[in-house]
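Heads up: the structure comes next, in C-alpha cells.
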Amino acid sequence: MKSVSTPRRRRALPRKRGRPAGRSNNDGVIADRETLLAAAERLIRKRGPGVSLDAIAIEAGVTKPILYRGVGDRDALVQALALRLTARMAEEMARLAAAAGGPRDSLRRLVGSYLELAAAERHLYLYVTAGGASEDRVRQSLLLADDAAHRFEPGIAAYRAAGGADPTVAPVWSYAFVGALHFVTLWWLRDGALPIDTVAEQITELLWEGMGVRPGKR
C-alpha cells in the first residue's frame, strides 16, 4: 500500500521593512486609509507642499497603485487632507471661542487661532490651499473656505439680527471674511513682516468694523 505524502506548505517570505502588515489579492499588501493619510501629512510636514504621490507612497511603505486604491489621485488626497485640517482647526477655534468674553473677543480668538494653526501646519496649509491637478480650480480653492465660512455665518447672522441689522448678508460676508483672512495668512506666512498678535488684531478690527458695529460697542 502506497503512503500518501502531505504537500509541504510554502514558507511565507518575510515582509519588506517599512511595508504595513496585511495582504490583498493583487499586491500582497493592505494599507488602511488612515495610515496613508497620516503618512502623507508626515511627509508634507517634513519636506514641504511640493511632495509627489510617489514620495508619499514610499513614505507609507506601499506601492503607488495601493495609494490610489486607498485614497485616490492627487485631487482626492488634497480634499481628504483639507477635511482633516479643517476638522482640527474647527475644534481649536470652537474651544477658544467658547471661552470668549464677548462677540469681538470671540472674533479675535477665531482669527488668532486660524493664523496660529496655519503657521503650525504651514506646509500642509499650503498643500491643500494650492489645490490638486484638477481643472476645477474653484472647487479646489474652496476646500478650506467652505468649512470656515459655514462656521462664521451663524455668528454673523445672529449678531446682525441682535443689533437690528440685516442678517441675510451673512452668507456673503462669511466668505468675504474667510477670503480676507486666507490671503492675509498667505502673505504673513510668506513674509512674516509683523508679529502674529499684531496681524490678528488688525484683521479683527477690519472685520469687526465691517460688521456694522456701533462705536464703543464691544
Tell me, how many Å apart are the Cα centres for the stretch 101-133 and for the stretch 53-91? 21 Å
FRET efficiency for GLU209 and GLU91, Cβ-Cβ distance as r, R0 = 30 Å, nearest 0.05? 0.60
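Using 1/(1 + (r/R0)^6) with R0 = 22 angstrom and r between the beta carbons of ASP73 and ARG122, what's the FRET efficiency to the nearest 0.05? Show your work: numbers first, answer last.
On the way: r = 24 Å, r/R0 = 1.10.
E between ASP73 and ARG122, to the nearest 0.05, is 0.35.
Tell me, in nm to one decimal, what length is gained between ASP32 and PHE183 on full extension, where the rule is 0.36 nm per residue of separation less the Cα-Cα distance? Please report the intermediate quantities before stating the final value.
On the way: separation 151, 0.36 × 151 = 54.36 nm, distance 3.47 nm.
50.9 nm is the gain from fully extending ASP32 to PHE183.
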So for the pair ASP191, HIS150, with labels modelled 7 Å out along Cα→Cβ, what separation do we get in nm? 3.4 nm
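Can you give the FRET efficiency for ARG45 and VAL138, using 1/(1 + (r/R0)^6), R0 = 30 Å, r = Cβ-Cβ distance, to the nearest 0.05? Can you show the working numbers first?
On the way: r = 27 Å, r/R0 = 0.91.
About 0.65, to the nearest 0.05.
For LEU206, LEU124, give the ranking by accessible area with the largest first, probe 1.4 Å. List each step's numbers first, then the result.
Working: LEU206 115, LEU124 0 Å².
Ranked from most to least accessible, the order is LEU206, LEU124.
Starting from the exponent 0.38 and prefactor 2.2 Å, build the expected Rg for the stretch 50-106 from its residue count and divide its actual Cα Rg by it.
Relative to the 2.2 N^0.38 Å estimate, the stretch 50-106 comes out at 1.70.
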Among 45-56, 173-184, 85-96, how do they line up from the highest to the lowest mean number of other beta-carbon atoms within 10 Å? 173-184, 85-96, 45-56
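The values are calculated or read from the model by the stated rules, or taken from the named source; none is laboratory data. Not measured: the values here are computed from a predicted model. Note: ideal-geometry Cβ built from the backbone for every residue, glycine included; neighbour counts use all protein chains shown. Just so you know, the surface numbers come from the protein's heavy atoms only, side chains and all, with ligands and any DNA or RNA stripped out. Shrake-Rupley method; radii C 1.70, N 1.55, O 1.52, S 1.80 Å.
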